[in-house]
Amino acid sequence: MVLKSNPRTIEELYPRLESSVFIITYGRSGSTLVQNLLNALPGYTIRGENENLVAPLARAWSTLQHSSQRDKMLSTGKTSDPSDPWYGFEAIDPDMLGASLAESYLQTILRPSEETRVIGCKEIRWHSDPALFPVILDFLTRFFPRTRFIFNTRQHDQVAQSGWWKWMNPQVVARQLETAEALFEKYIADHPDRCLKLHYNDYTRGPERWRPLFDFLGEPFDAGLVQDVLGHRLTHLQSG
C-alpha cells in the first residue's frame, strides 16, 4: 500500500509570509547593493550567500520525483516487503520530502523574523552546476510562497577586474560569465512572469533606474530610500 501524504506548505506554517525573492547572480556583480535595497523595504528579510546550501535539497527532491525505480515499483501496484532491497521506497512522497526540506531551509538558513513578510536570499553559486540550476529554481518556486527571481548582471570587463576574478585566466572568466548569463536568459524566457533582470551599470546611474524593481515587487517607489542606499558605501567592494 502506497502512503499518501498531505505535506504542510510554508504558507500554512508561516501565514505572515506574502512572497519570496531570490537574487541570482555571479560574484562581484554588485548584487549586495540590491540585497541592501530590498532589506530597506518594510518587512523584507533577504539573507546573503549561504554556500549554495539549497542545492543538495533541490537535488534530493528532484531525484525522488524523477526516480525510475520508484516509478517501476509504483506501476506494479504492490507494496514492498522487508525482503525487498528497496523496501519502502515506493511510499516516499516527493512533495512531502520537498516540503520538509524547504521548511528546514526556511527555518534554519533564511530565518524569518516576526516582522518578515518577504523572505529570500542572494546566491552567486547556482550557475556552477548548469543541469541543477533550473531544478533549484523550480524547487524554490514549488515550495515557497509567490516566488520571484531577480537576476543581477554587470559589465563583464568590470567583473573580470574585481576580486578573485582578476587572478584567473581571462578566457575562463569570460566562459563562466557567459555560461551563467545564458542560464539566466533561458530561465527568464521560460518564466517571464516571475523574473526580473537588473544590470549594475544601469541602476547605479540614479534612483529612477530602480523603478522597474519596485514595480516588479509591487512596492511603492521611494526615490529617497533608494538614494540613501546608493549613498552607503559597501566595504567589501573596496578591495577591488
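Listing for the model above:
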quantity: Search result, residues across the range 202-225 that are aliphatic (A, V, I, L, M) and either without any contact (Cβ under 8 Å) to a residue 60 or more places away in the chain or more than 22 Å from GLN158 (Cβ to Cβ) (or both); calculated: LEU217, ALA223, LEU225
quantity: Number of positions in the range 84-128 that are buried (at least 16 other Cβ atoms within 10 Å of the Cβ) and without any contact (Cβ under 8 Å) to a residue 12 or more places away in the chain; calculated: 0
quantity: Count of the range 6-36 residues which are surrounded by fewer than 21 Cβ atoms within 10 Å (Cβ to Cβ), of a type outside the set (Val, Ile, Thr) and closer than 30 Å to TRP164 by Cα; calculated: 3
quantity: Qualifying position, being over 28 Å from SER19 (Cα atoms), modelled with pLDDT of 90 or more and in contact with a strand residue (DSSP E or B) (Cβ under 9 Å, 6 or more places away or on another chain), among GLN155, GLN171, GLN176; calculated: GLN155
quantity: Residue match in the range 106-119 (condition: part of a helix (DSSP H, G or I), within 22 Å of ASN36 (Cα to Cα) and among the hydroxyl-bearing types (Ser, Thr, Tyr)); calculated: yes
quantity: Selection status of ASP228, charged (D, E, K, R) and free of Cβ contacts under 8 Å to residues at least 12 places away in the same chain; calculated: no
quantity: Where PHE151 falls short, out of the listed (1) assigned to a helix (DSSP H, G or I); (2) within 15 Å of the chain's Cα centre (by Cα); (3) crowded, with 18+ Cβ neighbours inside 10 Å; calculated: (1)
quantity: Filtered residue count, the range 68-85, keeping only those that are touching a helix residue (DSSP H, G or I) at 6+ places or on another chain (Cβ under 8 Å) and part of a loop (DSSP other than H, G, I, E, B); calculated: 2
quantity: Residue in the range 43-53 that is closer than 26 Å to ASN152 by Cβ, in contact (Cβ under 8 Å) with a residue 12 or more places away in the chain and assigned to a helix (DSSP H, G or I) present; calculated: no
quantity: Residue among ALA182, ALA99 that alone is part of a helix (DSSP H, G or I), among the hydrophobic types (A, V, I, L, M, F, W, C) and in contact with a Phe, Trp or Tyr (Cβ under 7 Å, 6 or more places away or on another chain); calculated: ALA99
quantity: Options LEU64, LEU37: the member that is modelled with pLDDT of 95 or more, hydrophobic (A, V, I, L, M, F, W, C) and under 21 Å from GLU115 (Cβ atoms); calculated: LEU37
quantity: Selection count where residues are among the charged types (D, E, K, R) and closer than 30 Å to THR179 by Cα, scope the range 103-130; calculated: 4
quantity: Residue match in the range 157-179 (condition: outside any helix (DSSP H, G or I), of a type outside the set (Gly, Ala, Ser), buried (at least 16 other Cβ atoms within 10 Å of the Cβ) and in contact (Cβ under 8 Å) with a residue 12 or more places away in the chain); calculated: no
quantity: Tally of residues being surrounded by 14 or more Cβ atoms within 10 Å (Cβ to Cβ), assigned to a loop (DSSP other than H, G, I, E, B) and not acidic (Asp, Glu) across the range 199-232; calculated: 1
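The values are calculated or read from the model by the stated rules, or taken from the named source; none is laboratory data. Not measured: the values here are computed from a predicted model. As a convention, Cβ positions derive from the backbone with ideal geometry for all residues, glycine included, and neighbour counts pool all protein chains shown.
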